[in-house]
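This report refers to the structure that appears directly beneath it.
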Amino acid sequence: MPVYTLPELPYDYSALAPVISPEIIELHHDKHHAAYVKGANDTLEQLAEARDKESWGSINGLEKNLAFHLSGHILHSIYWHNMTGDGGGEPLEKDGVGELADAIAQSFGSFQNFKAQLSKASATTQGSGWGVLAYEPLSGRLIVEQVYDHQGNVGQGATPILVFDAWEHAFYLQYKNQKVDFIEAMWKVVNWQDVAKRYAAAKERANSLLLTP
């Protein structure tokens, strides 16, 4: 039975400093992300045991746990690649990401409008959660979503291409309770090359992800 594994970071712990400290990156990846991987694998084992024993008393809790841990694993796997020490600014045609820049402008009116919406969505997510830029295949547009506790406010079938982690473990050691300051700083390390690749891949897979009339 396939199991999930913790991916290696695409850079060393200090690569995103001073925006994100090496200590945060190490703890975030090696402890928190690793815990989601273990949680997803453990829950799959528990579900297999429930099937074998035809014991379904805990099915609701197990399904919620699987969604929680698997979403944590997937979102973090995107998160690491969405950042680079050489990133920031905004996507521009001269940098080879003009298609993404055009899509953002068409979907939100301007880059500044998009930045404001994703920043606000990230900073105000209920409890612990994420702000997400996703490709929505039914309309072919980009949308901003909130993911709280790795659960709701997500359009089914939408593909995340840029994620902002707003859980306290992502920033508290450095930014204390100033989540807004952390979200603003995140824009300095966005890897637009990675986001553009994810956007192109999501568009290419759209027909297979969601068949529309």
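The values are calculated or read from the model by the stated rules, or taken from the named source; none is laboratory data. Given the structure is predicted, the values throughout are model-derived calculations rather than measurements. Neighbour counts are summed over all protein chains in view; Cβ atoms, including those assigned to glycine, are modelled from backbone coordinates with ideal geometry. Just so you know, the surface numbers come from the protein's heavy atoms only, side chains and all, with ligands and any DNA or RNA stripped out. Shrake-Rupley method; radii C 1.70, N 1.55, O 1.52, S 1.80 Å.
Under 5 Å between amide H atoms, partner at least 5 residues away or on a different chain: which partners does LEU162 have, H built in plane at 1.01 Å?
Result for LEU162 returns LEU133.
In the P(r) worked out for region 65-135, what percent of Cα pairs fall beyond 17 Å?
The calculated P(r) of region 65-135 puts 56 percent of pairs beyond 17 Å.
Let me know the number of lysine pairs in the chain closer than 24 Å at the Cα, not counting same-chain pairs under 8 apart.
21
Can you give the FRET efficiency to the nearest 0.05 for GLU99 and ASN207, using r as the Cβ-Cβ distance and R₀ = 22 Å?
Values: r = 18 Å, r/R0 = 0.82.
Between GLU99 and ASN207 the formula returns 0.75.
Sorting LEU138, LEU75, LEU6 by accessible area (1.4 Å probe), largest first, what list results? Intermediate values should be presented prior to the final figure.
Working: LEU138 115, LEU75 15, LEU6 65 Å².
The ordering from most to least exposed comes out as LEU138, LEU6, LEU75.
Got a number for carbon plus sulfur as a percent of region 1-82's accessible area, 1.4 Å probe?
Exposed carbon and sulfur together represent 55 percent of the surface.
Given only helices, namely DSSP H runs of n ≥ 4 each adding -39500 (n - 2.57), what is the per-residue ellipticity at 222 nm of the chain, to the nearest 500 deg cm²/dmol?
That comes out to -15500 deg cm²/dmol.
Please work out the average accessible area per residue across region 141-213, using the 1.4 Å probe convention, and give it in Å².
Accessible area per residue, region 141-213: 53 Å².
If you put +1 on each Lys and Arg Cβ and -1 on each Asp and Glu Cβ, how big is the dipole of the chain around its Cα centre, in Debye rounded to 20?
Dipole about the Cα centre, nearest 20: 420 debye.
Which order, highest average first, do 100-109, 56-65 follow once you tally other Cβ atoms within 10 Å for each residue and take the mean per peptide? Write down the numbers at each step before the final one.
Values: 100-109: 17.6, 56-65: 12.2.
The densest-packed peptide leads the list: 100-109, 56-65.
Expressed as a rounded percentage, what relative contact order does the chain have, with Cα pairs under 8 Å and six or more residues apart?
Relative contact order here is 23 percent.
Which length gain, in nm to one decimal place, applies between ILE59 and ILE74 when the Cα-Cα distance is subtracted from 0.36 nm times their residue separation?
Separation in residues times 0.36 nm, less the Cα-Cα distance, equals 3.2 nm.
Could you calculate the FRET efficiency of GLN112 with GLU23 from 1/(1 + (r/R0)^6), where r is the beta carbon distance between them and R0 is 35 Å, rounded to 0.05?
After rounding, the FRET efficiency stands at 0.60.
Towards the positive end of the charge dipole of the chain, with charges on Cβ (+1 Lys, Arg; -1 Asp, Glu), say which of MET186, HIS29, ALA158 has the farthest Cα.
ALA158
Accessible area per residue of region 1-105 at 1.4 Å probe, in Å²?
Normalised by residue count, the accessible surface of region 1-105 is 55 Å².
Once the Cα atoms of helix 34-53 and of the chain are each reduced to a long axis, what angle between those two axes, in degrees from 0 to 90 to the nearest 10, is obtained?
The angle comes out at about 30 degrees.
About the Cα centre of region 98-213, what is the dipole size in debye to 20, counting +1 per Lys and Arg Cβ and -1 per Asp and Glu Cβ, all else neutral?
100
List the residues, sorted by chain then number, that are 5 or more residues from TYR148 or on another chain and whose placed amide H is less than 5 Å from its amide H.
Correct list: TRP130.
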